[in-house]
Each structure stands twice: as C-alpha cells, then as structure tokens.
Amino acid sequence: MDEICIKPYIHHAQYYETDQMVIIHHSNYIRWMEEARLDFMSQCGVPYKKLEETGIIIPVLSVSCQYRSMVHFDDCVAIRVKVVRYSGIKMDLEYAFTNTETGELTTTGTSSHCFLNRNYRPISLKKDYSQIDERFRRMLTL
C-alpha cells in the first residue's frame, strides 16, 4: 500500500471565537478537534462523508481537553491527530495543538468514538467493512 503522510490541520483563530477575556472560548477547542479529526480521516483515505454514504456513523463517546496556555484572536494553531487505540468497534484519538508562530504546545485532548450503522447499532468494521478497517488500522502506525 502507498505511504500516508499526514499534515497537521491548521486553524486560524477568529475574533468571534474569543470570549470576554479576549482569549479563545474553551468550547471552540472541541469544535477544532472535530475539524482536525475530519481532515485527518480524509488524509488517511476515509473521508467522513464517504463513511456516512456507506452507512457508517462515528459518534463521540467522550471528549476531554487540557488547556496549557491561551490561544488568542489571530493565532494559528497546528492540530496533530493520532489514533491511539482502534479495535474495529471503537477508536480513541489524541490531539496536540501547537502555536505555529511560537511552537508552544497550547492544548491537548482526547476523544473516544464507536462505529454504528444507520439504525444506531454497533458494527464491527473488521467484520463488515474490511477495506475501511484496514485504513483505520494503518492510522495506528502514523
């Protein structure tokens, strides 16, 4: 199989994402994690839109975020996504946010997901979608 080279997702912090303290409101980091996750999946050859068209949905089971330093309006952050666990039924991801100008690690996070069909029933990608399962297994090595 061909080599997968994943680039970090870059987010340019917008003014409307700030709070009264003129820093990025904490809720936006979760949105940015989703943006980065979808970009990561596309780069790995499993775009979320294609999965949904196939009948696969990937709900969030849990999410956490650790804020190490502030991100301000007009900052750019590079968000790296890493698959840390994958079973074919569930998947856990880690996120690292780095300020592109200073190189400072500003935020880390995790999210857990499962795979369901359109009827919201758990599915095994290994059993039901072996080609998609193989792509996700390759993500473990990135």
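The set of residues in the range 52-87 being in a loop (DSSP other than H, G, I, E, B) and within 15 Å of residue 24 (Cβ to Cβ) consists of 68, 69, 70, 71, 72, 73, 74, 75.
Just need a number here: residues in the range 87-117 that are at positive phi and open to solvent by less than 30 Å² (accessible area, probe 1.4 Å). Don't jump to the end; show me each part of the working.
Initially, the range 87-117 is screened for residues at positive phi, giving 88, 103.
Imposing the further condition that a residue be open to solvent by less than 30 Å² (accessible area, probe 1.4 Å) reduces the set to 88.
Summing the residues that are at positive phi and open to solvent by less than 30 Å² (accessible area, probe 1.4 Å) in the range 87-117 gives 1.
Taking first residues from the range 20-39 that are more than 17 Å from residue 51 (Cα to Cα) and open to solvent by 60 Å² or more (accessible area, probe 1.4 Å) and partners that are β-branched (Val, Ile, Thr) and not in a helix (DSSP H, G or I), the Cβ contacts under 7 Å between residues at least 6 apart in sequence or on separate chains come to 25/18; 30/63. Scanning the range 40-97 for residues that are in contact with a Gly (Cβ under 9 Å, 6 or more places away or on another chain) and over 29 Å from residue 131 (Cα atoms) returns 64, 65, 66, 97.
Among the listed residues 86, 67, 95, 129, which satisfies the condition of being in contact with a Leu (Cβ under 6 Å, 6 or more places away or on another chain) and not hydrophobic (A, V, I, L, M, F, W, C)?
86
When each of 67, 120 is tested for being surrounded by 13 or more Cβ atoms within 10 Å (Cβ to Cβ) and either closer than 12 Å to residue 33 by Cβ or of a type in the set (Ser, Thr, Tyr) (or both), the lone residue that passes is 67.
The values are calculated or read from the model by the stated rules, or taken from the named source; none is laboratory data. All figures in this text were calculated on a predicted structure; none of them were measured in a lab. Glycine also receives a Cβ, built like all others from the backbone with ideal geometry; neighbour counts cover every protein chain displayed. Areas reflect the complete protein model, heavy atoms only, side chains present, ligands, DNA and RNA absent. Shrake-Rupley method; radii C 1.70, N 1.55, O 1.52, S 1.80 Å.
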